[in-house]
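Any read-out appearing in this document is the output of simple, stated calculations on the displayed coordinates, not a laboratory observation. Quick caveat, the model's predicted, so the values are computed rather than measured. Don't worry about glycine lacking a Cβ; one is built from the backbone with ideal geometry, like all the others, and counts go over all protein chains shown.
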Amino acid sequence: MRTEPQPTSLPTVRINAKNFNQSNREDTRKLCTALFDYNARTEGDLTFRKGETLHIVDDSGDWWVAKSLTTNHEGYIPSNYVAPIKSMDAEE
């Protein structure tokens, strides 16, 4: 008697669309444009140029932690030197 091979079951992966979309929106909101050039003054600061896009990692306090999408470097930035991508300040 010949037996047919049985299909193997694959694990089910469920994606919560609400959380997935919310996560994408949060990433978009954390993108900023540099309004001015900034040269690092300490080892932990991030040097960036006007117009550069930065991903904000931590926005607590006056000095934020950001990662440059141009250089891939991460460090502290003065929060008043950047504006969210979708704000009017970034478009001027």
**Complete:** Cβ pairs under 6 Å, 6+ apart or interchain, first in segment 61-80 and more than 11 Å from PHE48 (Cα to Cα), second assigned to a loop (DSSP other than H, G, I, E, B), ordered by first then second residue, are SER79/ASP62
**Selection from segment 27-74 of residues that are exposed (fewer than 12 other Cβ atoms within 10 Å of the Cβ) and in contact with a Gly (Cβ under 6 Å, 6 or more places away or on another chain)** = GLY44
